[in-house]
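Trainee: Quick one: the structure is below, questions incoming.
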Protein chains: 2
Amino acid sequence: MSPAFLEAARAIVGPEFALAGSDIEPRYLEPARYAPGQAAALLRPATATQVAELVALAAAHDLTLVPQGAHTGLVRAATPTDAGRHVLLATDRLREHFDFDPLDRTLRVSAGYKLSEINERLEPEGLFFPIDLSADPSVGGMLAHNTGGTRMLRYGDVRANTLGLAVVLPQGQVLQAGRGLQKDNTGLALQQLFVGSSGSLGLITEATLKLHPLPRQRAAALVAPADVESVLPLYQALMASELAGLVSAFEGISRPALQAALEHLGDAGKLFDGQLPEYALLIELASELPAARLDLNALLQEVLEREFESGRVVDAVIGADEEIWALRHSISEGLRDWGKVIGFDISLPRRHFMRFRAEGAVWLAKHFPPARLADFGHLGDGGLHFNLAWPHEAPPLDAEAMARLRAGINDIVLRLGGSFSAEHGVGPQIQQAYWQLSDPVGLRLAGEIQVLLNPKQTLGLTRFGPAE
Amino acid sequence: MSPAFLEAARAIVGPEFALAGSDIEPRYLEPARYAPGQAAALLRPATATQVAELVALAAAHDLTLVPQGAHTGLVRAATPTDAGRHVLLATDRLREHFDFDPLDRTLRVSAGYKLSEINERLEPEGLFFPIDLSADPSVGGMLAHNTGGTRMLRYGDVRANTLGLAVVLPQGQVLQAGRGLQKDNTGLALQQLFVGSSGSLGLITEATLKLHPLPRQRAAALVAPADVESVLPLYQALMASELAGLVSAFEGISRPALQAALEHLGDAGKLFDGQLPEYALLIELASELPAARLDLNALLQEVLEREFESGRVVDAVIGADEEIWALRHSISEGLRDWGKVIGFDISLPRRHFMRFRAEGAVWLAKHFPPARLADFGHLGDGGLHFNLAWPHEAPPLDAEAMARLRAGINDIVLRLGGSFSAEHGVGPQIQQAYWQLSDPVGLRLAGEIQVLLNPKQTLGLTRFGPAE
């Protein structure tokens, strides 16, 4: 990076928002799950116009701009790694728009807002953006990775709830893709290209989001099925039942994941009288109807009693929604207490879900015996966080071993028709898997599209074309 | 077209499925709303492999292949017009796959199946593909135009319910885009490019569709609001109420549209005691819960009584769901009885919905006095079919007048932030509007993508780049 670049950037955003070297606050360089990165500079624009100027400036200087939202991503797409050529562009000051349309139930919002802020501000309107995660991403980050989360089963992913985007293209032009309308088919769906593109096709500065009514009641249960074989029949029965439209979450939690969360919360032994099931389910119903119309707690109780009688359920905790969700959202932290977390963000056809779990566990035990597997996930939409803790006391995995580990698990995923990146998107962390496991026709086409949009790779770290 | 092309095509699909000249059945050349077209040949492949061979063959012969599903589209994207260079490829024999996955609730289905067939076959499973239209399109056609329909409000459009595609690219390669999983972010969302691309980027041979549980009950009402001003407040109240999650349709019908449908059905005078309101609403609730749990008819009655008391509703027909929907689906035919139908497939931010109707009507009366406006549409998702009948007895509109008419209405649409093609997609019929009204940055990018995929324009009739 030349001093001229920094000077020009400072002229655009102001000197306090274009920093270099040790002036960069560490949090911008420290990703959630991996080693810290490094950057030549950190830029923090406050407007979409500034973003466009900075993107054009970086392209002119042949530097790579790395967009970063709340830095909660798990594929390392937002962490720069080159102290000479990577310039970090943090979107945290992009807060120009927060335009709520009550009649359309949409929100035009700048990329820098966080999910939690949006939902806090919308609560008095009785509306929300229905993405539910353990993390608190920014609008831009959610879009760049097409986040799923625990309530996708009911509301769909970020893509399904996005009605328009403003994007700065890698040469600095501004593309307004989509008018924020519910229905609009006036050309190619360009906006869809940027959703899930990890910031490597364009930099999203603004989105128009589709909002949903806040449920007036929820009822959650933590369920112990009789055995793993009962889980999918139970799911099937529920989704074919009259309650199908009410199910807002159907999460699977393996015994070790349950244990990790309980240990983290200091509650171990309290749940299920200390007899943790091999696999647990978090089932949630939600409705806009008040309990006086339709009592979800009673309905859930009814279902569980029926399942208890059928023998598919042996125990359940009900009427403790907050505790149950706290438990669910503590799994990741609990796992970190056990060691270095190695995550696999998988989805599978449901018919192969349990088979994958079994085969994956066997493979892991054989090839990486110290690994402590503690999988959990969004079973309701086929998602599985096949996560493991590599104990602090075990000899650390080197890059080659890590690559073998990833390849071994991903092979099973592919063989069973699954996805090796269900909801985290693509980034340097899974770049190898992307290259190895993608369909060659799609890989070539994706690469051609990236070259078309981002010819000099001056934006983002993800490579969508074939390995060179 | 050379005899060699026809011979080679016959070798691929068999002589009875590669026809030329007068052997082509007229229905393949006669679109729903416009004058007949012409084609050098008609090809009717039965497998995706045959499609790939034909696409490559046409490209090699520099002919333009025009894909056609059930030929129900309204932008003329599937009607060839050049007897020398256009080769029609009908997908009606593409019926290789109908693979239902009960656990994932997905259907992998070939492009040639029709919507009605899918839903008839899925009914015993208690599932359906939730697109509801007056027409009966093929799977391929629905995808190529990203169809909306009357229940989009609740279930989303075709895009939102598509989990994977198989596409033959314009040079004959086969792209498998998406694995049919609920969540999969393993790269650029290439499949999204083909949804709504009018068959001009690739030919969709197969899709994996997301299915929904069939409601166990529905309750519809045809409502007469006090006046046009009451309509959106009524909508707003309903969508903010505890019933929001139950609303499955909210359709607006202007008095002339109501009249056209009633005349067509021979029922004129019976409805609302012959006192047709200026604007009527079709409101439908639906639920997977049976009436014993939640009585939708009673709930709807309750809402209407409340709205009657508030003064926003003056009359309503309830408990006649079938008749009400038959009426709704007869508007288009009724309008055809009145004259030549000129349709505008618009959507608008709801806050400008009624303003557009008023301004559009005034403009039309001033510039095209014989036009009989009879608008209706999916008010619940901002959609508006601003359709008019040009009376048979009026002097027919020439091309120049038609262009002026389209431009005049579309100008108002754009000024009010609307879409000039809400759910029909882009095709030759609105090619001029597309060129004139699209954002230049998006237009250029779309054109570059089309050149990348379909460099010699040997597939499809729609041009996504700027006018040459």
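Trainee: Taking the protein assembly as shown as the region of interest, what is the percent of Cα-Cα pairs per 20 angstrom bin, listed from the shortest bin to the one with the maximum distance?
Mentor: 14, 45, 35, 7, 0
Trainee: For peptide B:447-458, compute the average count of partner chain beta-carbon atoms within 10 Å of each residue's beta-carbon.
Mentor: Numbers: counts 1, 3, 7, 1, 1, 5, 3, 0, 0, 0, 0, 0.
Counting other chains' Cβ atoms within 10 Å and averaging over B:447-458 gives 2.
Trainee: Could you give the spread of the C-alpha atoms of the range B:338-433 along their three principal axes, from largest to smallest, in whole angstroms?
Mentor: 36, 27, 21
Trainee: Here's a follow-up. Tell me the net charge near B:Leu165. Cut-off is 14 Å between Cβ atoms, B:Leu165 excluded, with +1 for each Lys or Arg and -1 for each Asp or Glu.
Mentor: Values: positive: B:Arg108, B:Arg159, B:Arg179, B:Lys210; negative: A:Asp439, B:Asp184, B:Glu206.
With Lys, Arg at +1 and Asp, Glu at -1, the neighbours total +1.
Trainee: Taking a 1.4 Å probe, which of B:Thr47, A:Thr462 shows the most accessible area, and what order do the others take after it?
Mentor: Values: B:Thr47 35, A:Thr462 0 Å².
Sorted descending by solvent-accessible area, the residues read B:Thr47, A:Thr462.
Trainee: Right, here's the next one. Kindly report, to the nearest 10 Å², the accessible surface of A:Asp99 as traced by a 1.4 Å probe over protein heavy atoms only.
Mentor: In the full protein context, A:Asp99 sits at about 70 Å².
Trainee: Counting only Cα, what are the radius of gyration and maximum Cα-Cα distance Dmax of chain A, in Å?
Mentor: Reported Rg and Dmax, both Å: 22.8, 74.
Trainee: Continuing with the same structure: How big a patch of accessible area, both sides summed and in Å² to the nearest 100, lies buried between A and B at a 1.4 Å probe? Please list the in-between numbers first.
Mentor: Working: alone 19980 and 19990 Å², together 33130 Å².
Summed over both sides, the interface buries about 6800 Å².
Trainee: Same structure, new question: How do A:Glu242, A:Glu322, B:Glu468 rank by accessible surface area computed with a 1.4 Å probe, from largest to smallest?
Mentor: On the way: A:Glu242 45, A:Glu322 155, B:Glu468 215 Å².
Largest accessible area first, the list is B:Glu468, A:Glu322, A:Glu242.
Trainee: For B:Arg355, which inter-copy label distances result when the label point lies 7 Å beyond Cα on the Cα-to-Cβ vector, reported in nm to one decimal and in ascending order?
Mentor: From this label point to the equivalent ones elsewhere in the assembly: 5.8 nm.
Trainee: What does the charge count around A:Ile449 come to, taking other residues whose C-beta lies under 14 Å from its C-beta (Lys +1, Arg +1, Asp -1, Glu -1)? Provide the component values of the computation, followed by the final result.
Mentor: On the way: positive: A:Arg444, A:Arg463; negative: A:Glu448, B:Glu448.
Net of charged neighbours comes to 0.
Trainee: List, in the order given, every pair from B:Lys114/B:Lys340; A:Lys210/A:Lys270; A:Lys114/A:Lys183; A:Lys183/B:Lys183; A:Lys340/B:Lys210; B:Lys183/B:Lys456 whose Cα-Cα distance in the structure shown is over 30 Å. Mind dumping the intermediate values first?
Mentor: Working: B:Lys114/B:Lys340 27 Å; A:Lys210/A:Lys270 40 Å; A:Lys114/A:Lys183 26 Å; A:Lys183/B:Lys183 22 Å; A:Lys340/B:Lys210 37 Å; B:Lys183/B:Lys456 34 Å.
The pairs that break the limit, which is 30 Å between Cα atoms, are A:Lys210/A:Lys270; A:Lys340/B:Lys210; B:Lys183/B:Lys456.
Trainee: Taking the rotation axis that maps chain B onto chain A, which residue of B brings its Cβ closest to that axis, and at what distance in whole Å?
Mentor: Output: B:Gln192, 2.
Trainee: Report, to the nearest 10°, how far helix A:3-13 tilts away from the longest principal axis of the Cα atoms in chain A, using its own Cα long axis and a range of 0 to 90°.
Mentor: So the helix axis and the longest Cα principal axis differ by about 70 degrees.
Trainee: Tally Lys and Arg at +1 and Asp and Glu at -1 over the other residues with C-beta under 14 Å from the C-beta of A:Asp381: what net charge comes out? Please list the in-between numbers first.
Mentor: On the way: positive: A:Arg151, A:Arg154, A:Arg159, A:Arg350, B:Arg105, B:Arg179, B:Lys183, B:Lys210; negative: A:Asp132, A:Asp157, A:Glu251, A:Glu284, A:Asp345, A:Glu423, B:Asp101, B:Asp104, B:Asp184.
Local net charge: -1.
Trainee: Oh, and also: Tell me, what are the semi-axes, in whole angstrom and largest first, of the equivalent ellipsoid of the range A:355-399 as set by the roots of 5 times the Cα gyration tensor eigenvalues? Provide the component values of the computation, followed by the final result.
Mentor: On the way: eigenvalues 101, 30, 12 Å².
Largest first, the range A:355-399 gives 22, 12, 8 Å.
Trainee: Also, I was wondering about something else. What's the angle, to the nearest 10 degrees (0 to 90), between helix A:353-367's Cα axis and the longest principal axis of chain A?
Mentor: It is inclined by approximately 70 degrees.
Trainee: OK, next. Heavy-atom accessible area of A:Phe98 with all protein chains present, probe 1.4 Å, nearest 10 Å²?
Mentor: About 40 Å², ignoring ligands and nucleic acids.
Trainee: So how exposed is B:Tyr155, as accessible area in Å² (1.4 Å probe, rounded to 10)?
Mentor: Roll a 1.4 Å probe over it and B:Tyr155 shows about 20 Å².
Trainee: Mind checking the angle between helix B:296-310 and chain B's longest principal axis? C-alpha axes, 0 to 90 degrees, to the nearest 10.
Mentor: 60 degrees
Trainee: Using a label point 7 Å beyond Cα on the Cα-Cβ vector, give me the inter-copy distances for B:Gln275 in nanometres, one decimal, shortest first.
Mentor: Spelled out, the distances from B:Gln275's label point are 7.0 nm.
Trainee: At 222 nm, what helix-only mean residue ellipticity would the protein assembly as shown give, in deg cm²/dmol to the nearest 500, using -39500 (n - 2.57) for each DSSP H run of four or more? Mind dumping the intermediate values first?
Mentor: On the way: 30 runs with 309 residues, N = 936.
Rounded to the nearest 500, it is -10000 deg cm²/dmol.
Trainee: A follow-up question, please. Which distances, in nm and shortest first, link the A:Met402 label point to the same label point in every other copy, taking 7 Å along Cα→Cβ?
Mentor: Taking the point 7 Å beyond Cα along Cα→Cβ, the inter-copy spacings are 6.3 nm.
Trainee: For the range B:254-362, compute Rh as the Kirkwood radius over C-alpha pairs and then the Stokes-Einstein diffusion coefficient at 20 °C and 1.002 mPa s; write the answer in µm²/s, rounded to an integer. Mind showing how you got there, number by number?
Mentor: Numbers: Rh = 16.1 Å.
It comes out at roughly 133 µm²/s.
The values are calculated or read from the model by the stated rules, or taken from the named source; none is laboratory data. Please read these numbers as outputs of a predicted model, since none were measured by experiment. Here the Cβ is made from the backbone with ideal geometry for all residues, glycine too, and neighbour counts use every protein chain on show. These accessible areas exclude ligands, DNA and RNA; they are computed on the full protein's heavy atoms, side chains included. Shrake-Rupley method; radii C 1.70, N 1.55, O 1.52, S 1.80 Å.
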